[in-house]
Each structure stands twice: as structure tokens, then as C-alpha cells.
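A.B. asks: Let me give you the structure first, and then I'll get to my questions.
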Amino acid sequence: MADAEMRRMVADLPAPEFETTAFTSPPPLSEATVALVTTAGLMRPDAEWAPQEGNSGFKVFGREERDLVVGHQSTNFDRTGIAADRNVAYPIDRLEELAADGIIGTVAPRHLSFTGPVMDLTTLVIDSGPAAGALLRRDGVDVVLLTPV
Amino acid sequence: LCTRAVGTLAHVIEAAGLTTVALSLVRPQIERSHPPRALHCEFPLGRPLGRPGDAEFQRRVLAAAFALLERPAGPVLEDFPETIADEADQPLACPLPPRYDPAVPAAVDEARALHPAWERSRASVGGTQVGRVVDADGIPEAVAAFVRVAAGTPWMDAGLPGEPAAVAMDIRSYYEEAALALVDHVPAARAAESWLYRTTETGAILKAAMTQMAQADPPYERILYLVPMSQQSSAGTA
């Protein structure tokens, strides 16, 4: 199993240490605006691809956008699942269904994808991460679902 | 690496006043980053919601994740009760085209022949992952460039149509999407990848090119992004 090998390799990588864990209280889910944040390195098909290592920035996609390409450059994860069904990593259609069913309040107008692989976590902490949070707050987002690949 | 980034981002975004739920694919990483709420999913890397094309399963994953919002305090880390493993050890049983044009390298012949299957897949899915740096029509020529690299042409002189790792990823996507149409189902995680690298002419070429590029002077610096690590042990010759 290829994934088991990868999991062993990355298991001990250091991560930024947080002395405390912020913990907010959301509104009821049925009233919440929900956004997606993924680290799949999504990009628009007509965007110019560039190596993403060393880049801790993010791209912003509208709620209606579906034609997206995985720009993440790691070769060490499955690609066929996303190729066949974006929702397996970027569940935007599932969110729309949950909103239609009244399980969540509404789908946020914008969603984010960080580049991949994100190597510089300190930039996430002091720069692009707070910028992402501020953008989502301006959009009235209550709940954020984060998905890795 | 991505689970580590997701855990970090959850801290930062929660600190900005929003409420976060993180999915995890690498449990030690999410344990170490201890974000406010996390659901560990022992699913294949690249498939954090588990099963492509299975909306009901994906909705169950989302329900388990959103259920964590009801917890009064954190950090919270729970495991989704079902697990899914990749099947890289079992290459997809997918047909390969017969040799057609002896005037071109076998890998180029093969790539040309897969174009109709790739086209069916694109039409079925409504999009494609091919096109980071080369589109589907350019894939056979991109394969030809890697054939030249594998045969000893310096990679910088081989006519690769873009950054080599990105070209290799477009070739991989083209083959995997063709496989989706040829087998008419979504294969288990990494089974199509193993089909490409272990059974096709182009897979052998990519691995042989990687060997040449690693030994080049100067070597290609982004060699780790050319071929999946789990496929490199069977690296061979052109």
C-alpha cells in the first residue's frame, strides 16, 4: 500500500506549536454559512501553472465554479478520484445539496484553495492564514470545512 | 503534508473568529497540530471524503464532521468509523492498445491510441485535469520528448513542452483519465497509477527518463515530482 509508506514518512514532520486552541461557538448549522478551504492546490484551467513549493498563498473560487484543475504537484496521492469526482476532495456539490435540504444554512459565496504542498507553515500562521480568515469573515462565513489531499 | 497544513490553518482561521472542522488523512499529524475540531478519515491520500461518485458516503463523512460542531469544548479529534485503503499493489486491469504505427516509438503510439478514451472520459466527467502545461493533443509529443530523455538526450535539449514535472503530471492525468473510460468505473485509489507506471510503455519511459535526469549534470532538481515514490522501485530502462 503506497499510502502506508507515505504516512510513515511524514508522520514525524514538525508542525507549528500552538499553546492554546481557539474554540468558537457557531450558530446552528441550519443557519450557518459554510465555506470550503482545501489544500488541493486547485487552479483554473486557463491559469498559468507554476511550481508551488515555497508558495503558501491561496486562490479564491466562486461558489459556482466547477471547472478546476488540481495544481498540487506532489505525485504521492491518488489523482483518479478527484478526476472522476471533484467532491471527493472539494465537496462543493455536497454543500449545495446540504443547503437545499436545509441541513446547512447556505453555501458561502467564495471558497479557498491553498497551494500544494504547503511547506512553509510559518507563513500560513502569520500571513496567508489570517488573510484567508479575514476574507471569509468579510463574506459572512460561520463555518469552514478544511480538506487535505 | 496536507493534513499538517490543514491543522495549522484551522487554528489560524478559528482564531480569526470562524468555526472550523478539519478532515485529516494522517493521524499523527492531526494529533500533533490538535486543531479545534478534526475528523480523521483513514482513506486514501487524495480522497478525504472517501469514495468518488458516492454522494451518500460523502454525505455521511460530512455529517460526522459537522457533528463535531455540537461539542462544547475542544480540541476534538474523532475517527470516522470506516476505513478505505489504496490498491497500488494491484494495478488496474485495463486494456492497452496494440502497436499500430511502427514508425514512432511504442510509447508515442500508445499515447496516440488512448486519445479517444481520454476524450470519452472528459465528456463524461465534464472536464479534465490535463492541461497544467500541455493539453491532450500535445501529450504524444510530450511523451516523445521523454522518450528522447530516456534514450540519453539531455533533458534541457529534449523538447519538453514545459516544466518537466508538470509535463509528467499532465501525461499521468491523460493516462489515468483514459483508464477511467476504458474500465468504465472509478478504480480503487492508485490502481490506475500502478497501471500506468507498471504496465504501459509510457510508464516505463517516465521511469527511465527519471533515472537519466537524476544522473544528469546538473541533475534535474525537482526529480521527486516526476514519478510517485511508490512507483520508483520498479524504475527501469527505456
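A.B. asks: What are the extents of the Cα atoms of region B:110-223 along their three principal axes, listed from largest to smallest and rounded to whole Å?
C.D. replies: Result, largest extent first: 43, 24, 22 Å.
A.B. asks: So, with +1 on the Cβ of K and R and -1 on the Cβ of D and E, and no other charges, what is the size of the charge dipole of the protein assembly as shown about its Cα centre, to the nearest 20 debye? Provide the component values of the computation, followed by the final result.
C.D. replies: Numbers: 32 positive and 51 negative charges, 42 e Å.
Dipole about the Cα centre, nearest 20: 200 debye.
A.B. asks: Then there's this: In square nanometres, what is the average projected area of the Cα convex hull of the protein assembly as shown? Write out the running numbers ahead of the final one.
C.D. replies: Working: hull surface 70.6 nm².
One quarter of the hull surface, i.e. the mean projection, equals 17.6 nm².
A.B. asks: State to the nearest 20 debye the size of the charge dipole of region B:17-98 about its Cα centre, where the only charges are +1 on K and R beta carbons and -1 on D and E beta carbons.
C.D. replies: Numbers: 8 positive and 11 negative charges, 69 e Å.
With Lys and Arg at +1 and Asp and Glu at -1, about 340 debye.
A.B. asks: Separate question: Rounding to the nearest 20 debye, state how big the charge dipole of chain B is about its Cα centre with +1 on each Lys and Arg Cβ and -1 on each Asp and Glu Cβ. It would help to have the intermediate numbers written out before the result.
C.D. replies: Values: 20 positive and 29 negative charges, 83 e Å.
Charge dipole of chain B: 400 debye, to the nearest 20.
A.B. asks: Any chance you could get the radius of gyration and Dmax over the Cα atoms of region B:1-116, in Å?
C.D. replies: 20.6, 69
A.B. asks: Work out the P(r) tail for region A:82-128: percent of alpha carbon pairs separated by more than 14 Å, whole number. Provide the component values of the computation, followed by the final result.
C.D. replies: Values: 700 of 1081 pairs.
For region A:82-128, the share of Cα pairs beyond 14 Å comes to 65 percent.
A.B. asks: Apply the Kirkwood formula to region B:58-106: the hydrodynamic radius equals the inverse of the mean of 1/r over all pairs of different alpha-carbon atoms; give it in Å with one decimal. Mind showing how you got there, number by number?
C.D. replies: Numbers: mean 1/r = 0.0623 Å⁻¹.
After inverting the mean inverse Cα-Cα distance, the result is 16.1 Å.
A.B. asks: Sticking with this one: Antiparallel DSSP bridges in the protein assembly as shown: what percent, to the nearest 5?
C.D. replies: Around 25 percent antiparallel, to the nearest 5.
A.B. asks: For peptide A:26-35, compute the average count of partner chain beta-carbon atoms within 10 Å of each residue's beta-carbon. Can you show the working numbers first?
C.D. replies: Numbers: counts 7, 2, 2, 5, 0, 0, 3, 1, 4, 3.
Average neighbour count from other chains, rounded to a whole number: 3.
A.B. asks: Counting only residues 5 or more places away or on other chains, whose amide H sits under 5 Å from the amide H of A:Thr38 once H atoms are built in the peptide plane?
C.D. replies: Distant-sequence amide H within range of A:Thr38: A:Leu112, A:Ser113, A:Phe114, A:Thr147.
A.B. asks: For chain B, taking Cα atoms only, what is the radius of gyration to one decimal and the Dmax to the nearest whole Å?
C.D. replies: For chain B, the Cα-based Rg and Dmax read 20.7, 69 Å.
A.B. asks: Could you tell me the extents of chain A's C-alpha atoms along the three principal axes, largest first, rounded to whole Å?
C.D. replies: So the three principal-axis extents are 41, 40, 32 Å.
A.B. asks: Can you work out the FRET efficiency for the pair B:Ala93 and A:Arg137, with r the C-beta to C-beta distance and R0 = 41 Å, to the nearest 0.05? Don't skip to the end; give the middle numbers.
C.D. replies: Details: r = 50 Å, r/R0 = 1.21.
The pair B:Ala93/A:Arg137 has a calculated efficiency of 0.25.
Only the coordinates and a few stated rules stand behind these numbers; no lab work does. As the structure is a prediction and not an experimental result, all values here were calculated from the model. Positions of Cβ are generated from backbone atoms using ideal geometry, with glycine treated the same way; all protein chains shown enter the neighbour counts.
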